[in-house]
Amino acid sequence: MIKYLGSKRRLVPVLETLFDFSGARTALDLFTGTTRVAQAFKGRGATVTAVDSARYAEAFAQCYVATDARDLDAGDLAAAVDHLDGLPGEEGYVTEVFCRRSRFLRPENGVRIDAIRRALDEDFAGSPLFPVLLTSLVEAADRVDSTTGVQMAYLKAWAARADRALCLRVPDLLDGAGTAVRGDALELVRDGSLGGFDLAYLDPPYNRHRYTANYHVWETLVAWDAPEHYGVACKRTEVRDEPTSVFNRKREMPAALAEVVAGVDAGVVVLSYNDESWITRDELVDLCAVRGEVRVLVFQQDRYVGARIGIHGPDGRPVGEVSHTRNVEYVVLAGDAATVRRMEAAVGDRSR
């Protein structure tokens, strides 16, 4: 799984417990990102729908959520991974843009990424193996990149992992079918096309930075459209030119989130947020009250590594000081009183 801003890796055991004690059999992950939480629910036996507006997130969801491991031949998958991993390098867009014009990846890995991505379209387009192999490639590239984990910039000096050779691995797939949807969360809730669920998990963006900018290299690797780019980081021009999501706009985000919370068709809502964002804890409680009983679980978390490193100028010197290294993660439960209280009790004394 790729390095990801806002990853819920540390919260997954808690979210699994909440899911178990909710009694849910179907689940919606409305801002799925890497699908870490969607995978956790699927692993607990849920039928999961994973939604996101990013192309790379859709690819991950097609791999980990929509693909039923029982439908693939493990030998065929392993052979395909070995075949792609053995291809000789060929220079292309990744090598030119992300290795030479910028420095996200070493050229020796860039040429292999170019060759493998071309082969995916030529040899596996339309195959059920395609999203699994594409995910394998993105994850392999992430293991040899030179960033702090976001692609707003690359490191001034090469990260040690960038010296490693690109190596594809077979993704760990789960049994069971699911659904991957690429679209805008608010519009999908408004039109009701997602259907109903026992549990909906919401983890909306916390600020103005869109994830397709934070992970524009993976967005391009999935789209494979050789886009025009701008700036030192060679971001896709659509990041600059297209309107941002309502969830990345401070004035509009609270109303949009309130509409999603009120409108999503689910028995219980689980909402992740933190204390560095645009909505306060009390405001979260107020907007979730429309669902019924509300409880807030509180967790102390280390801030993202980039925040702990701080901001540096073009000369590599620190600019200002790191203000704090930890924040508070809220997990809000909203729904039927008996269900919410049962879920809360299962994770212990975390309410405030």
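The values are calculated or read from the model by the stated rules, or taken from the named source; none is laboratory data. All figures in this text were calculated on a predicted structure; none of them were measured in a lab. Methodologically, a virtual Cβ is constructed for each residue, glycine included, from the backbone with ideal geometry; neighbour enumeration extends over all protein chains shown.
When the criteria are applied in full, Glu122 meets the requirement of being without any contact (Cβ under 8 Å) to a residue 12 or more places away in the chain, surrounded by fewer than 22 Cβ atoms within 10 Å (Cβ to Cβ) and of a type outside the set (Lys, Arg). The test for being touching a Lys or Arg at 6+ places or on another chain (Cβ under 7 Å) and over 24 Å from Val264 (Cα atoms) does not hold for Pro171.
Within segment 158-184, the set of residues being in contact with a strand residue (DSSP E or B) (Cβ under 6 Å, 6 or more places away or on another chain) and not in a loop (DSSP other than H, G, I, E, B) comprises Thr179, Ala180, Val181.
Please work out if Asp286 is at pLDDT 70 or above, surrounded by fewer than 20 Cβ atoms within 10 Å (Cβ to Cβ), within 20 Å of Asp29 (Cα to Cα) and not aromatic (Phe, Trp, Tyr). Criteria not met by Asp286.
Taken over segment 214-259, the criterion of being aliphatic (A, V, I, L, M) and over 21 Å from Asp184 (Cβ atoms) is satisfied by Val217, Leu221, Ala226, Val232, Ala233. Just to be sure, is Phe299 farther than 20 Å from Val12 by Cβ, at pLDDT below 95, surrounded by 14 or more Cβ atoms within 10 Å (Cβ to Cβ) and of a type in the set (Phe, Trp, Tyr)? Taking the combined requirement at face value, the residue does not satisfy it.
Among helices (runs of 4 or more DSSP H) entirely within segment 47-141, having at least 2 residues that are at pLDDT 95 or above and of a type in the set (Asp, Glu) singles out 74-85, 107-124. Within segment 1-29, residues that are hydroxyl-bearing (Ser, Thr, Tyr) sit with their Cβ atoms under 7 Å from residues that are buried (at least 20 other Cβ atoms within 10 Å of the Cβ) and part of a helix (DSSP H, G or I), at 6+ positions apart or across chains, in these pairs: Ser7/Arg36; Ser22/Thr339; Ser22/Met343. For Gly192, the test of being more than 21 Å from Ile113 (Cβ to Cβ), out of contact with any Lys or Arg (no Cβ under 7 Å at 6 or more places or on another chain), exposed (fewer than 14 other Cβ atoms within 10 Å of the Cβ) and modelled with pLDDT of 95 or more is passed.
Mind listing whichever residues of segment 142-157 are touching a strand residue (DSSP E or B) at 6+ places or on another chain (Cβ under 9 Å) and surrounded by fewer than 20 Cβ atoms within 10 Å (Cβ to Cβ)? So that I can check it myself, show each step before the final result.
Step one: list which residues in segment 142-157 are touching a strand residue (DSSP E or B) at 6+ places or on another chain (Cβ under 9 Å), which gives 151-152, 156.
Selection gives Met152, Lys156.
A search for C-beta distances below 6 Å between a residue of segment 152-181 that is in contact (Cβ under 8 Å) with a residue 40 or more places away in the chain and any residue that is of a type in the set (Asp, Glu) and part of a loop (DSSP other than H, G, I, E, B), counting only pairs 6+ apart in sequence or on different chains, returns Gly176/Asp68; Ala177/Asp68.
When segment 52-91 is examined, which residues are found to be of a type in the set (Lys, Arg) and over 17 Å from the mean Cα position of the chain (by Cα)?
Arg70
Are any of the residues in segment 149-159 among the basic types (Lys, Arg) and modelled with pLDDT of 95 or more?
Of the residues in segment 149-159, the ones among the basic types (Lys, Arg) are 156.
From what's left, modelled with pLDDT of 95 or more: none.
So far as segment 149-159 goes, no, none of its residues is among the basic types (Lys, Arg) and modelled with pLDDT of 95 or more.
The test for being surrounded by 15 or more Cβ atoms within 10 Å (Cβ to Cβ), of a type in the set (Asp, Glu), in contact with a Gly (Cβ under 7 Å, 6 or more places away or on another chain) and on the phi < 0 side of the Ramachandran plot holds for Asp52. Within segment 134-174, the set of residues being charged (D, E, K, R) and closer than 19 Å to Gln39 by Cβ comprises Glu139, Asp142, Arg143, Arg169, Asp172. Exactly one residue among Arg240, Arg210 is of a type outside the set (A, V, I, L, M, F, W, C), more than 18 Å from Ser102 (Cα to Cα), surrounded by fewer than 20 Cβ atoms within 10 Å (Cβ to Cβ) and without any contact (Cβ under 8 Å) to a residue 40 or more places away in the chain, and that residue is Arg210.
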